[in-house]
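A.B. asks: Below is a structure I'd like to ask you about.
The values are calculated or read from the model by the stated rules, or taken from the named source; none is laboratory data. Because the structure is predicted, anything quoted here is derived from the model rather than measured. Note: ideal-geometry Cβ built from the backbone for every residue, glycine included; neighbour counts use all protein chains shown. In case anyone asks, the SASA skips ligands and DNA or RNA and just uses the protein heavy atoms, side chains included. Shrake-Rupley method; radii C 1.70, N 1.55, O 1.52, S 1.80 Å.
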Amino acid sequence: MSSAATKVSQSAPEPASAAPGTAEAAAGTAGRVPGPTKPGPRKPATDYADYSLVSAPRPWRWVGTAVVALGLAAVAWSLATNPRWEWDVVGQWFTAQSVVKGLLETLKLTAISGVLGFVLGFILALMRLSASPLLLSVSWTFSWIFRSTPLLVQMLLWYNLGYLYEKISLGIPFTDIRFFEVQTTTLISQFAAAVLGLTLNQAAYSAEIIRGGILSVDQGQLEAAAALGIPAWRRSTRIVLPQAMRAILPTAFNEIIGLVKGTSIVYVLAYSELFYTVQVIYNRTQQVLPLLLVATLWYVVITSVLSVFQYYIERHYSKGAVRTLPLTPLQKARKFFATHAPVRSLR
Amino acid sequence: MSTATAAPETTRGLVEITKVRKAFGATEVLKGISLTVEPGGVAVIVGPSGSGKSTLLRTINHLEKVDGGFIAIDGELVGYRVRGNRLHELREKDILKQRTEIGMVFQNFNLFPHLTALENVAEAPVVAQGRSKAEARERGLELLDRVGLKDRAGAYPRQLSGGQQQRVAIARALALDPKILLFDEPTSALDPELVNEVLDVIRELAKSGTTLIIVTHEMGFARDVADTVVFMDQGQIVEQGAPKDIFTNPQEERTRSFFSKVIEPAFNI
Ligand SMILES: Nc1ncnc2c1ncn2[C@@H]1O[C@H](COP(=O)(O)OP(=O)(O)O)[C@@H](O)[C@H]1O
Ligand SMILES: [Mg+2]
């Protein structure tokens with residue numbers, strides 16, 4: 001835009017073919033010192049200020065758009081018209097009570113193990129960054145073990161803990177003092193085993209993500225905060241973490257979205273979350289594909305909602321990291337209709 | 001200034017550095033540095049890169065622990081307490097408290113990028129000195145005004161020029177009402193045309209009665225503001241004195257050869 005404006009004012013007085021040499025020669029005859037910074041006298045330029053600006057045509061963008069739109073239409077058409085998708089069955093089960101109940105279980109598992117996993121992961125990350133060799137190696141070992149065993153195995157191990165340890169007790173180690181003691185099988189329900197498995201596994205992964213985020217913050221930030229007498233806890237929460245969040249968030253949301261679908265693994269415990277519920281139903285009704293579609297659609301809905309959250313949370317933490325925040329899609333749309341449409345109509 | 005600082009300014013900010021030694025691994029970076037800066041004095045430390053200037057500054061607010069010797073501010077040991085015939089390191093809490101009396105300005109500003117200029121300035125008074133938020137904001141605006149940036153209070157550091165960022169950093173250091181201000185090459189990261197706006201702010205501070213210890217390569221500025229110019233080389237103070245003496249008549253060969261390299265001929269008086 002601005003470059004166009006400069007071009008206009010420079011080339012206006014002469015025909016487009018005018019070379020710089022011509023201008024110099026003209027300046028010379030006028031008895032001035034020739035120099036690139038001092039152009040000769042000019043006729044008053046035509047005033048283009050009131051002209052409306054037209055963007056360069058971009059035909060390939062339109063071709064690309066058309067091709068993709070055609071493809072999308074074809075997919076939509078086939079989805080809508082192929083009777084084997086049995087959309088009526090999908091619709092019938094989509095909001096069925098048992099499915100919604102399963103959905104809520106999935107959300108509950110995700111929320112609890114997500115939150116606990118990240119809290120534990122944060123602690124593990126701090127341990128890993130600590131100067132104490134013991135804390136460091138405990139944290140390292142934790143991540144090592146939980147990242148190297150299949151989640152399925154962990155889950156079954158937790159559920160069958162009663163086989164390994166009949167009773168679980170809280171007391172003082174190496175003495176006979178016990179504060180309480182319970183049968184392992186009463187403590188480790190399906191729910192507890194599921195939460196334990198998902199949480200510990202999640203913690204091992206998020207510890208690495210959080211550690212990476214913390215490491216990405218410039219050392220000078222901590223130093224400046226220490227020099228200002230800001231206490232250690234506040235240095236972490238107010239100075240380091242908010243900056244680390246920029247590196248943590250994209251991967252963390254990946255993890256949480258993975259966890260939403262990852263919860264489906266607890267079907268091995270016969271825990272009736274969304275996926276298990278759907279399986280139970282299609283084993284009874286034999287409508288396998290439509291019911292898998294029901295579960296899939298719900299996962300898509302959850303992921304979409306999370307993606308919107310992700311967008312706005314990331315935007316929040318990019319405060320100050322970029323000179324000007326990019327517009328949100330909503331703002332963009334508003335701007336498009338405010339500025340774009342009238343120009344179009346002028347053409 | 002706040003009314004709390006009723007005591008005459010010149011009674012605070014005596015810095016005594018005594019036989020300070022520091023090594024990183026096998027390399028001795030400070031080899032027994034002794035230096036006294038009077039209350040309200042302005043000491044400028046010059047010397048070649050790697051001579052230990054930054055390390056010395058960082059020992060003054062205990063960002064770096066000394067291996068030997070000690071530093072006292074107004075007679076109070078920095079980072080340690082005497083018990084019997086030993087110096088015990090203070091607890092984190094007490095060290096942080098001492099640091100609020102010593103402001104520091106860094107070469108690369110180290111402003112908090114996710115906080116606005118005003119938030120940068122108002123953060124420490126609230127959490128380190130327990131002032132109210134409103135009070136800290138008001139004082140923050142006052143300080144931003146003092147460095148000529150009141151109208152940029154809401155800007156994030158990345159929206160400011162280098163010179164403006166460094167001025168915010170100075171305001172941030174001033175917000176704790178420090179007795180002493182340490183500057184580590186405050187203009188080295190700046191484009192030449194931005195250097196003066198920062199030096200002007202420091203010149204003003206030099207008149208305010210706060211003790212200043214400044215590491216810089218700006219020799220003209222050093223001659224203007226310093227009471228004492230200290231020349232350091234290889235972890236030692238080679239020579240110190242009033243600027244007019246040390247610039248015109250250096251006693252040591254090392255000093256002379258350093259100045260001949262860094263001072264443009266026209267400056268030689
Ligand atoms: N944390 C550190 N670990 C190891 N060596 C260091 C460290 N900090 C500084 N040094 C070394 O100490 C010497 C003095 O550094 P510094 O005080 O930064 O010098 P100056 O500020 O005068 O350029 C340099 O040789 C530098 O490499
Ligand atoms: Mg240095």
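A.B. asks: Which whole-number percent is the relative contact order of chain A (Cα, under 8 Å, 6+ apart)?
C.D. replies: Rounded, it is 19 percent for chain A.
A.B. asks: Let me ask something additional. Keeping every protein chain present and rolling a 1.4 Å probe, give me the accessible area per residue for the protein assembly as shown in Å².
C.D. replies: Working: 34260 Å² over 616 residues.
Dividing the accessible area of the protein assembly as shown by its residue count gives 56 Å².
A.B. asks: Dividing the alpha-carbon Rg of the range B:110-177 by 2.2 N^0.38 Å yields what?
C.D. replies: 0.96
A.B. asks: Taking the inverse of the average 1/r across all pairs of different Cα atoms in chain A, what Kirkwood radius in Å do you get?
C.D. replies: 27.1
A.B. asks: Let me ask something additional. Work out Dmax and Rg for chain B from the C-alpha atoms and quote the Rg first, both in angstrom.
C.D. replies: Rg and Dmax of chain B, Cα atoms, are 18.6, 56 Å.
A.B. asks: Compute the relative contact order of chain B as a whole-number percentage, counting only Cα pairs closer than 8 Å that sit 6 or more residues apart in sequence.
C.D. replies: Values: 491 pairs, mean separation 66.3, N = 269.
Relative contact order of chain B: 25 percent.
A.B. asks: On to the next question. May I ask which of A:Lys108/A:Lys167; A:Lys335/B:Lys150; B:Lys19/B:Lys65 have a Cα-Cα span longer than 24 Å here?
C.D. replies: From the list (A:Lys108/A:Lys167; A:Lys335/B:Lys150; B:Lys19/B:Lys65), the Cα-Cα distance tops 24 Å for A:Lys108/A:Lys167; A:Lys335/B:Lys150.
A.B. asks: So, one more: What's the average, rounded to a whole number, of partner chain beta-carbon atoms within 10 Å of each residue's beta-carbon in A:139-150? Don't skip to the end; give the middle numbers.
C.D. replies: On the way: counts 0, 0, 0, 0, 0, 0, 0, 0, 0, 0, 0, 0.
Taking the mean over all residues of the peptide, I get 0.
A.B. asks: Can you give me the C-alpha center-to-center distance between the range A:128-165 and the range B:11-58, rounded to a whole angstrom?
C.D. replies: About 48 Å separates the Cα centre of the range A:128-165 from the one of the range B:11-58.
A.B. asks: While we're here: Taking K and R as +1 and D and E as -1, what net charge do the other residues with C-beta under 14 Å from the C-beta of B:Ser188 add up to?
C.D. replies: The answer is -3.
A.B. asks: Looking at chain B, identify the longest residue range that excludes and avoids all trypsin sites (Lys or Arg not before Pro) in DSSP loops having at most 11 other Cβ atoms within 10 Å.
C.D. replies: B:92-206
A.B. asks: A follow-up question, please. Given C-alpha coordinates of the protein assembly as shown, what is the ratio Rg to Rh with the Kirkwood estimate of Rh?
C.D. replies: 1.10
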